[in-house]
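> This structure is in structure tokens; I'll ask about it shortly.
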Amino acid sequence: HAFLQALGETPAIMAGNSMGGWITASYAASYPQELKAIWLLAPLGVHKAQTSRMLESIASMKSSPLQVENLAQFKERVLKQMFVKLPWFPFPLQNYYTQEAKKLSGVAPMMFKKVLDSPQSLEAIAVDIRIPVLLQWGDQDLAVDVSGTEPLRAAFREVSVRVQKDTGHIPMIE
């Protein structure tokens, strides 16, 4: 909130992917005057969506994709799960993101669990949002099931839904 106020560029358009989608929607509900539209990409927190195996894994805290120790685990648990067709990803960036994932391995599962266990679903947050929403999902998302589109279509007042064919969890890259 302070960041947008410091920019002085409101109302703004805010976007969020996965947990960032839940955060973006929560922000839009809390500060409606600050935003003119939101773009949600495969947002986390839809209680009426089917639970993906990846979210089950995170919730159980066993073999979580959020717990990464090395590059091989990062490739297997993160990259292969996020994309249908892995985009070109330079080796130095793979190493960098592996190191960042290692740093977050202790706290990331708890952060996701907090959203997943939240009594307030994204559907409940959505009913308070009165600005246009672009909801985008990949039809082969292994992280957050695409079945979340229908409960959100019913909950948002002004929503446009786009489901991309042959696309995974990060549709803005694929």
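The values are calculated or read from the model by the stated rules, or taken from the named source; none is laboratory data. Since the structure is predicted, the reported quantities are computational estimates derived from the model, not experimental observations. Please note: Cβ atoms are built from the backbone with ideal geometry, for glycine as well, and neighbour counts cover all protein chains shown. Each accessible area value is taken on the protein alone, full model and side chains, heavy atoms only, with ligands, DNA and RNA left out. Shrake-Rupley method; radii C 1.70, N 1.55, O 1.52, S 1.80 Å.
> Which whole-Hz couplings ³J(HN,Hα) result when phi for each residue of segment 99-105 is put into the Karplus expression 6.51 cos²θ - 1.76 cosθ + 1.60, θ = phi - 60°, listed in order with x for Gly and Pro?
For segment 99-105, the Karplus curve yields 5, 5, 4, 4, 4, 8, 3 Hz.
> Less than 21 Å apart at the alpha-carbon level, and either on another chain or at least 8 residues along: which lysines does that give for Lys165?
Within the straight-line cut-off, Lys165 pairs with Lys80, Lys85.
> Keeping every protein chain present and rolling a 1.4 Å probe, give me the accessible area per residue for segment 1-50 in Å².
On the way: 2500 Å² over 50 residues.
Per residue, segment 1-50 has 50 Å² of solvent-accessible surface.
> A further question follows. As a test of the formula, what do you get for the chain when each DSSP H run with n ≥ 4 contributes -39,500 (n - 2.57) and the sum is divided by the residue count, at 222 nm and rounded to the nearest 500 deg cm²/dmol? List each step's numbers first, then the result.
Working: 7 runs with 61 residues, N = 174.
Only helices count here, giving -10000 deg cm²/dmol.
> Quick one: helix 19-30 against the long Cα principal axis of the chain, what's the angle to the nearest 10°, folded into 0 to 90?
Once rounded, one gets 20 degrees.
> Cut-off under 14 Å on the C-alpha distance; same-chain residues fewer than 8 positions from Lys75 excluded. Which aspartates and glutamates are left, in chain and number order?
Glu100
> Can I ask one more? Which ³J(HN,Hα) values, rounded to whole Hz and listed in residue order, are derived for segment 131-145 from phi using the Karplus coefficients 6.51, -1.76 and 1.60 in 6.51 cos²θ - 1.76 cosθ + 1.60 with θ = phi - 60°, glycine and proline given as x?
10, x, 10, 9, 10, 10, 8, x, 5, 10, 5, 8, 8, 10, 4
> Something else about it: Starting from the Cα of Lys113, draw a straight line to each of the lysines and keep only those under 16 Å, dropping any in the same chain fewer than 8 residues away.
By straight Cα distance, Lys113 reaches Lys62.
> Hey, another quick one. What list of ³J(HN,Hα) couplings, whole Hz, do you get for segment 40-56 from phi and the Karplus terms 6.51, -1.76, 1.60, once you set θ to phi - 60° and write x for glycine and proline?
Once θ is set to phi - 60°, the couplings for segment 40-56 become 10, 10, 6, x, 7, x, 7, 5, 8, 7, 5, 7, 6, 4, 5, 5, 4 Hz.
> If packing is taken as the mean number of other Cβ atoms within 10 Å per residue, what is the order of 22-31, 2-11, 71-80, highest first?
22-31, 71-80, 2-11
> Going 7 Å from the Cα of Lys48 along its beta-carbon direction, which residues of segment 118-145 have the amide nitrogen within less than 13 Å of the resulting point?
Those under the cut-off are 121-127.
> At what distance in nm do the modelled label points of Tyr97 and Ala12 sit from each other, each positioned 7 Å from its Cα along Cα→Cβ?
2.3
> Right, next: Considering only protein heavy atoms, what is the solvent-accessible area of Lys103 at a probe of 1.4 Å, reported in Å² to the nearest 10?
Rounded to the nearest 10, that gives 140 Å².
> Which far-off residues, 5 or more places away or on another chain, put their amide H under 5 Å from the one on Gln136, with H placed in the peptide plane?
Amide H neighbours of Gln136, under 5 Å, 5+ apart: Leu40, Leu41, Ala42, Arg162.
> Long-range amide H contacts for Ile13: which residues qualify at under 5 Å (H placed 1.01 Å from N, peptide plane, sequence gap of 5 or more or a different chain)?
Those lying under 5 Å, H to H, from Ile13 are Lys36.
> For Val46, what residues show an amide H to amide H distance below 5 Å, using hydrogens built from the backbone and excluding near sequence neighbours?
Distant-sequence amide H within range of Val46: Leu122.
> Turning to a different aspect of this structure: Summarise the accessible area of segment 1-84 (1.4 Å probe, protein heavy atoms) by the percent that is carbon and sulfur. Present the calculation step by step, with values, prior to reporting the outcome.
On the way: 2430 of 4420 Å².
Reported share for carbon and sulfur atoms: 55 percent.
> Same structure again: If you place +1 on the Cβ of every Lys and Arg, -1 on the Cβ of every Asp and Glu, and leave all else neutral, what size is the dipole of segment 1-155 about its Cα centre, to the nearest 20 Debye? Kindly include the intermediate steps, with their values, before the conclusion.
Working: 14 positive and 13 negative charges, 66 e Å.
Approximately 320 debye in magnitude.
> Of the listed peptides 45-56, 86-97, what is their order by residue-averaged count of other C-beta atoms within 10 Å, with the highest listed first? Intermediate values should be presented prior to the final figure.
Numbers: 45-56: 17.5, 86-97: 10.8.
Put in order of decreasing packing, that is 45-56, 86-97.
> Among Gly168, Ala59, Met14, flag the residue with its Cα farthest along the positive direction of the charge dipole of the chain, charges on Cβ as +1 for Lys/Arg and -1 for Asp/Glu.
Checking the options against the dipole of the chain, the answer is Ala59.
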